[in-house]
Structure formats: C-alpha cells, structure tokens
Amino acid sequence: MIKKTLIDEKNIFIVLAIYAFVLLFFCSLMSPLYPFNDWSDINLYFNIGKAIFHGQTLYTEVFDHKGLLIFVIYGLGSLISSDSFIGMYFIESLAWVFMIFGAYLIARLYLDKAYAFIVALFFPVLMLSHSSEGGSAEEFIVLFEVVSLYLFIRYFKDKHTSVHKPSWMLVHGMMCTIVLLIKINLVVFWFFPLLAVLINLLVKKEYKNLFHNILTFIAGVMIVILPVILYFWLNNALSYAWDTYIVLNKTYARLGDFSRIMENLIVRFYQRLKYDNYEFLIILIGAIYFPVRYIGNIWGKIGLILSFAALYIVIFMPANYVFYYSIPYYIFCITGIIAILDIVSRYQKLQSRWYVFLPLFLVALSCGIATKGFFGKSKEVIFREKAKDDTVLYKFYNVIAKEKNPTLMILGLDATTGIFTKANIMPTVKYFISPNLPYDIYPDMRDEQTRYIREKKVQFVILSGGSFSYDYYMELPVLQENYDLVSTFEENGRSTYFLYKRKD
C-alpha cells in the first residue's frame, strides 16, 4: 500500500519534501539563513558526535548522559561540515521530510488527498511551537513514533483484525530501540500499543503468528542494540554506559514522592490548557476521541489512549520539565487533525488540484514562520558584522580563535558552548562541557574538572554565573594560580561570563 501510494501520488510527496526543507529553512536555527545556532544542547550533541566520529568513546572519553544514537545523528552532520550546522540542517530536514510523509500516509487511511495534504502541512506547524531552536533529541524521536503510529493504526483500524505482519513487528522493534538509545523514558510510547497487538493475537488464538511476532520484535531490537553493545564492549565502556545512561539518569530524574508527582501532572495539565490551549485540545482529540471513533479494534483503542497517557506522565511528572520535552506527544496532533478534517470534509469537498494545494502550502508555511518568529527577530543578526562583540559567544570566540589549535573547557552548559563548533575545537578532556548535573548527584564531573585546572590540561576555561558550581570555581585557588582572567561579558550591568587563559 505504501509503495502504491508513493507511486500514484508522487507529485504530492515531492511537494511535501520541498515544504519540509523550506519550512526548516525559515524555522530552524540550523538553517544557513541564520548566522549560528547557539543553543547549548545541540552544540553539546554536535561536538560529542564529532569526537565520537574521530575515535573518542562516549562516557569514558567524552561525557553526557544522553543515549549514544543522538550523538551518532550529530556526528553524521559533522562529517558534512565540522564547524557549522549545514550538515545538520540537511539531516534535520530529511527527518522532517519522512515525518511529514508519515503524517500524510496516516491521514490517507481516512481522508482524500487534499485533506490528507492539509494534515501533513499543519502537523509540523503545530510541533514548531515547542521545537525550540531546532534539533532537539525529542524532535528526532517524533520521526520514529510516526513510523510506528502508521503501522499501529493500519493494524487496529479494522474491528476484526487478527493476523499481524511479523515484518511490521520487526520495524516496531527497531523504532522503539532507537528511541530507547536516545532518550530512554520516551520508549513508553510503544508499550501499550505493542501489548494491545499481543493481547489481540492471544484473543484471536493466533498463537503461531504471536510467536513469529515476538521473534521478529526481538530481532528488531537486536538489529539496533547489538552494534551499540559491540561499540561499548570493544572500547571497554559497557559498565560506564550502564552506570551513566541507566543509573545516573534514574537518579537525575528526581521524581519525588507520589503526591509531588500528582501535583506536577495536575498543574501541568492546567498549564497546557491555559497556554497551549488549541494545540492541547487537538492533541486530546487525537489521543482520546480518535481511537474511540476511528479505531475499530477494542484493544487498539485502549492501547493508543494508554500510549498517550504514558507519554504525558513520563514527560510531565519530573521536577525538571523544559517546554521542548513535550514534542513527542505532539504525534497525536496527526490523529487530532484527521478527526477534525473528517468532520469538515463531510460538508466541504476539496479538489485535488494545484490551485488548491498551492494556497494551502503558502498558508502553512506562513503559519510556521509566524510561530517561530526567527526571521523577524534575526534581521539585525543576519546582517551584522559577525566579529562584533555583542554576544558572549562572539566576544570569547574572537579571543580563542586567535590561538593556534586552542583547547577549551566550559564549566557549565550555556551560550558559550557554540565556541567549540565555530572554532572547530576538538574536545581534549572528558568533561569538556558540563551538563546540568548537581554535585550531589554526580560529583565525578566537578572533581575531574578541578584536576584539569590543577594540571593545566586546557588552554582556556569559561565560567558563567549560571553554572551549578559557580561559587565553587570562583573561590577555587588553583584556577587563580594557573589561569589569568582575560575577558568578561556583562549582562544587565554585571559580569556574568568569565574567560580564563592558562598562564605560561
């Protein structure tokens, strides 16, 4: 069915591919339209990915507590361009192309071409409201969710569905394992729909098919996870990977007691209704009304509703919620828009003609640009002199870039992390950038960074007022003994960033 749709409606897919690239050209700071994406998270991913592709081992030689595969994605981008995000713009756009294709294919299960086209256009526009500067781990995860959502809906659409294709279960195994190795908690999206498939096969007494599906799911998991295990095993890093990705992240989550978790879930539900009102309403329609109304199989209805509930809980129950964490549950915007447009289509038919598609394309693109507002806010940045010292990134970069083969350590996760990217500096110490991990949760990082300073391992050190260990480093004697303060940057009339250079 997918192959036939791709062939029969190839012109629509070509337009959607162009749309994805154009939309992100304006709506992602990865785009060559903008001077630089200074978001600290993606600069951390990029430079760890670059280090991995140059032979350094994650968790033992370069450190962050995310899963390996997000760094692989960024490492691939660094192969195209090692000192800019041009490669990542291309990879991000490709991810959105296939994500939009998936939205269209899901919509075509219920709608005609014109209305399915609208779903594919406006689903990413809704997602843009929480995509930050572009390139978050959560953003890439949506692609893998879309693939599985399409297969889940195809299977559960019919009330009397029984046999499940093992090849589809192979895909599910691969998709959920990829997400497991990017951001572990978001794998809950798959749990209840997969359980629904297995229960349905048991109820239908399809025991042979159930056995085949279990085997192919395991095969899908192994296809993804075995190369990762082999990578860590060959680099003597298996125990480090477990301790960092599993044990440390479990501690870092800091969920609190049951009452605190419930408080977080209730308060954030209210906040979604207040601040994300129409988006959240569409999500609720897609997560609850759509399965009840459009999914024939009872287990499928339950599985998809519980999938949303599980996603909502793992996203919003921790204390340290950030707005872009919610991107993965925007997957239910697809089914929400389908449900709304199905009602509209009963009263208004649309011609599948270019003069209908073109205005829709332009309206969706305009809505996306308006949602992000990057272009309007960035006019002065686009045309300014890049050497101008009006941001901390450029001011410190202009000092560091004068040195031949500089080395750098940043004692925080802040606006200066992009210096590694712009100056094409390869990490030379494990904790070259400091993720936001408090000392009481992970003391190794600060202790090791103190040793680097004592042993003068790096040429430059940057400290910001927002660092978790700011007071500690400001009072650290060896920092003053071994490094000179060569530049500062002021925000709101006070020095908040400090650049130190190693004494000769």
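The values are calculated or read from the model by the stated rules, or taken from the named source; none is laboratory data. All values reported here derive from a predicted model rather than from experimental measurement. Please note: Cβ atoms are built from the backbone with ideal geometry, for glycine as well, and neighbour counts cover all protein chains shown.
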Exercise for review: Could you tell me whether the stretch 178-194 includes any residue that is over 20 Å from residue 287 (Cβ atoms), assigned to a helix (DSSP H, G or I) and at pLDDT below 95?
Suggested key: yes
Review point. Looking at 156, 144, 192, 152, which one is more than 23 Å from the chain's Cα centre (by Cα) and either aromatic (Phe, Trp, Tyr) or crowded, with 23+ Cβ neighbours inside 10 Å (or both)?
Key: 156
Point to revise | Flag if residue 182 is within 20 Å of the chain's Cα centre (by Cα) and among the β-branched types (Val, Ile, Thr) | key: yes
Review point. With the stretch 383-499 as the region, which helices (runs of 4 or more DSSP H) entirely inside it contain at least 1 residues that are free of Cβ contacts under 8 Å to residues at least 12 places away in the same chain?
Key: 392-400, 443-454, 470-474, 477-482
**Study point:** Given (1) aromatic (Phe, Trp, Tyr); (2) closer than 19 Å to residue 194 by Cβ; (3) surrounded by fewer than 19 Cβ atoms within 10 Å (Cβ to Cβ), index of the condition residue 278 fails
**Key:** (2)
Revision key, fill the gap. Within the stretch 131-141, of all residues that are within 13 Å of residue 27 (Cβ to Cβ) and polar (S, T, N, Q), the one farthest from the chain's Cα centre (by Cα) is 132
Check your understanding: What helices (runs of 4 or more DSSP H) lie completely within the stretch 1-67 and have 1 or more residues being surrounded by 22 or more Cβ atoms within 10 Å (Cβ to Cβ)?
Key -> 10-27, 40-53
Review point. Restricting the search to the stretch 307-355, which residues are assigned to a helix (DSSP H, G or I), of a type in the set (A, V, I, L, M) and farther than 20 Å from residue 190 by Cα?
Key: 337, 338, 339, 340, 341, 343, 344
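Could you go through the stretch 92-101 and let me know if any residue there is modelled with pLDDT of 95 or more and outside any helix (DSSP H, G or I). Outline the logic, then answer.
The first filter runs over the stretch 92-101 and keeps only residues modelled with pLDDT of 95 or more, leaving 92-101.
Among the residues that remain, those that are also outside any helix (DSSP H, G or I) are: none.
No, because not a single residue in the stretch 92-101 is modelled with pLDDT of 95 or more and outside any helix (DSSP H, G or I).
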Review point. Can you find a residue in the stretch 403-411 that is aliphatic (A, V, I, L, M) and out of contact with any strand residue (DSSP E or B) (no Cβ under 7 Å at 6 or more places or on another chain)?
Key: no
Exercise for review: With the checklist (1) within 26 Å of the chain's Cα centre (by Cα); (2) buried (at least 20 other Cβ atoms within 10 Å of the Cβ) in hand, flag the one item residue 300 doesn't pass.
Suggested key: (1)
Review point. Looking at 128, 111, 105, 58, which is the one that is under 20 Å from the mean Cα position of the chain (by Cα), modelled with pLDDT of 95 or more and not polar (S, T, N, Q)?
Key: 58
Exercise for review: Residue by residue through the stretch 265-286, note down the ones that are touching a residue at least 60 places away in the same chain (Cβ under 8 Å) and either under 21 Å from residue 320 (Cβ atoms) or more than 22 Å from the chain's Cα centre (by Cα) (or both).
Suggested key: 276
Check your understanding: Can we say residue 85 is farther than 24 Å from residue 155 by Cα and either in contact with a strand residue (DSSP E or B) (Cβ under 9 Å, 6 or more places away or on another chain) or touching a residue at least 60 places away in the same chain (Cβ under 8 Å) (or both)?
Key -> yes
Review point. Are there any pairs with C-beta distances below 8 angstrom linking a residue in the stretch 309-324 that is at negative phi and touching a residue at least 24 places away in the same chain (Cβ under 8 Å) to a residue that is surrounded by 19 or more Cβ atoms within 10 Å (Cβ to Cβ) and part of a loop (DSSP other than H, G, I, E, B), with the two at least 6 apart or on different chains, and if so which?
Key: 323/130; 323/132; 324/130; 324/131; 324/132; 324/136
